[in-house]
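First the structure, in the form of structure tokens, and then the observations on it.
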Amino acid sequence: MKNLEILYEDNHIIAINKKNSDIVQADQTGDEPLSERVKAYIKEKYNKPGDVYLGIPHRVDRPVSGVVLFAKTSKALVRLNKMFQEHDQEITKIYWAIVGNLPEEDHARLTHYMVRDAEKNKSYAYNKPKSGAKEAILEYKLLGCGQRYYLLEVKLCTGRHHQIRCQLAKIGCPIKGDLKYGFPRSNEGGGISLHARSITFTHPVKQEKITIVAPPPLNDTLWKFFYENLES
């Protein structure tokens, strides 16, 4: 299937390396969502008659690239939903972020209290507890330095709306291209330099630990620079 980078597939789940222009599921834009393309791929590959089942236990923001997990059976979806919603500590999500400012520390654990503004589709981070705020925790470490940009690896400890974008901006390190959270210039194509690098979880049926890793968008010269430096 053209334009679909499949990272993992078995009878129960399928993982795709999402481009930063893809929406995971249908929204008000009317653009074709990734979920529909995955359904078309399954229908074609397995000659399935009628509608193809595909569950969405996991979402990644539109301007972000990287690994997205789908369920191919209702059993897998129920178990993955439970895992994502109730047992988030069983799931490890690692992201890579390119920022324009060097953080004060090479590695740190950030705790903020976040409030979501649904109308503006934006979140705000505070240093102290606040009415209506949810605790947001992440850990980051510096992975690479370029002439003008820095690569951070981020491990999410909670799952809040725009959490990485908001928390990194709060410490003065907005993600490259993220105008909404204070980066001065947009990226070509409108995405941001945030990539869902890997996800580790217990397989919903086989009950074994599985890690799925997504290469960053190597058609972007900056991602290519950092990736090749890490590989070497």
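Within region 194-213, can you find the residues that are open to solvent by 10 Å² or more (accessible area, probe 1.4 Å) and in contact with a Pro (Cβ under 9 Å, 6 or more places away or on another chain)?
Step one: of region 194-213, the residues open to solvent by 10 Å² or more (accessible area, probe 1.4 Å) are 197-198, 200, 202, 205-211, 213.
The one that is open to solvent by 10 Å² or more (accessible area, probe 1.4 Å) and in contact with a Pro (Cβ under 9 Å, 6 or more places away or on another chain): R197.
Among the residues of region 139-169 satisfying the criterion of being assigned to a loop (DSSP other than H, G, I, E, B) and among the small types (G, A, S), which is farthest from Y181 (Cα to Cα)?
Kept after step one, since they are assigned to a loop (DSSP other than H, G, I, E, B), are these residues of region 139-169: 146-149, 157-162.
Restricting the remaining residues to those that are among the small types (G, A, S) gives 146, 159.
Values: G146: 22, G159: 18 Å.
Taking the candidates together, the pick is G146.
Residues of region 157-175 being surrounded by fewer than 21 Cβ atoms within 10 Å (Cβ to Cβ) and either under 15 Å from the mean Cα position of the chain (by Cα) or of a type outside the set (V, I, T) (or both), which ones? Don't jump to the end; show me each part of the working.
Here is the first cut: in region 157-175, the residues surrounded by fewer than 21 Cβ atoms within 10 Å (Cβ to Cβ) are 157-159, 161, 170-172.
Those that are surrounded by fewer than 21 Cβ atoms within 10 Å (Cβ to Cβ) and either under 15 Å from the mean Cα position of the chain (by Cα) or of a type outside the set (V, I, T) (or both): C157, T158, G159, H161, K170, G172.
Out of the residues in region 109-138 that are outside any loop (DSSP other than H, G, I, E, B) and among the acidic types (D, E), which is farthest from I171 (Cα to Cα)?
Our first condition is that a residue be outside any loop (DSSP other than H, G, I, E, B); within region 109-138, this holds for 109-117, 122-126, 134-138.
With the extra rule that they be among the acidic types (D, E), the set shrinks to 117, 135.
Values: D117: 20, E135: 16 Å.
In this case the residue turns out to be D117.
Out of region 32-58, which residues are among the charged types (D, E, K, R), surrounded by 13 or more Cβ atoms within 10 Å (Cβ to Cβ) and within 29 Å of A97 (Cα to Cα)?
Result: E36, R37.
Please go through region 78-101 and give me each residue that is more than 28 Å from L143 (Cβ to Cβ) and either β-branched (V, I, T) or in contact (Cβ under 8 Å) with a residue 60 or more places away in the chain (or both), ordered by number.
Those that are more than 28 Å from L143 (Cβ to Cβ) and either β-branched (V, I, T) or in contact (Cβ under 8 Å) with a residue 60 or more places away in the chain (or both): V78, R79, L80.
Select from region 31-76 the residues that are more than 16 Å from the chain's Cα centre (by Cα), in contact (Cβ under 8 Å) with a residue 60 or more places away in the chain and not in a loop (DSSP other than H, G, I, E, B) and list them in ascending order.
The answer is A71, K75, A76.
Would you check if there is a residue in region 125-146 being surrounded by 14 or more Cβ atoms within 10 Å (Cβ to Cβ), of a type outside the set (S, T, Y), touching a Gly at 6+ places or on another chain (Cβ under 9 Å) and under 23 Å from P217 (Cα atoms)?
Scanning region 125-146, I find no residue that is surrounded by 14 or more Cβ atoms within 10 Å (Cβ to Cβ), of a type outside the set (S, T, Y), touching a Gly at 6+ places or on another chain (Cβ under 9 Å) and under 23 Å from P217 (Cα atoms), so the answer is no.
Could you count how many residues in region 1-41 are closer than 15 Å to I56 by Cα, of a type in the set (V, I, T) and at pLDDT 95 or above?
Count: 4.
Would you check which residues across region 155-188 are basic (K, R) and without any contact (Cβ under 8 Å) to a residue 24 or more places away in the chain and list them?
If we filter region 155-188 for residues that are basic (K, R), which is where we start, we get 155, 160, 165, 170, 176, 180, 185.
Selection gives R185 alone.
G189 - would you say it is part of a loop (DSSP other than H, G, I, E, B), modelled with pLDDT of 95 or more and either farther than 23 Å from T92 by Cβ or open to solvent by less than 10 Å² (accessible area, probe 1.4 Å) (or both)? Walk me through it before giving the result.
Values: part of a loop (DSSP other than H, G, I, E, B): yes; modelled with pLDDT of 95 or more: no; either farther than 23 Å from T92 by Cβ or open to solvent by less than 10 Å² (accessible area, probe 1.4 Å) (or both): yes.
Answer is no for this residue.
Suppose we filter region 192-228 for residues that are in a strand (DSSP E or B) and closer than 16 Å to N20 by Cβ; how many remain? Please lay out each step first, then the result.
First pass over region 192-228, keeping only residues in a strand (DSSP E or B): 194-202, 209-213.
Then drop every residue that is not closer than 16 Å to N20 by Cβ, which leaves 194-197.
Final tally of qualifying residues: 4.
May I ask you to say which residue of A76, A108 is surrounded by fewer than 17 Cβ atoms within 10 Å (Cβ to Cβ), of a type in the set (A, V, I, L, M, F, W, C) and at pLDDT 90 or above? First the steps, then the outcome.
On the way: A76 fails: surrounded by fewer than 17 Cβ atoms within 10 Å (Cβ to Cβ).
Being surrounded by fewer than 17 Cβ atoms within 10 Å (Cβ to Cβ), of a type in the set (A, V, I, L, M, F, W, C) and at pLDDT 90 or above holds for just one of A76, A108, which is A108.
The values are calculated or read from the model by the stated rules, or taken from the named source; none is laboratory data. Remember, it's a predicted structure, so these values are computed and weren't measured experimentally. Glycine also receives a Cβ, built like all others from the backbone with ideal geometry; neighbour counts cover every protein chain displayed. The accessibility values were calculated without ligands, DNA or RNA, using every heavy atom of the protein model including side chains. Shrake-Rupley method; radii C 1.70, N 1.55, O 1.52, S 1.80 Å.
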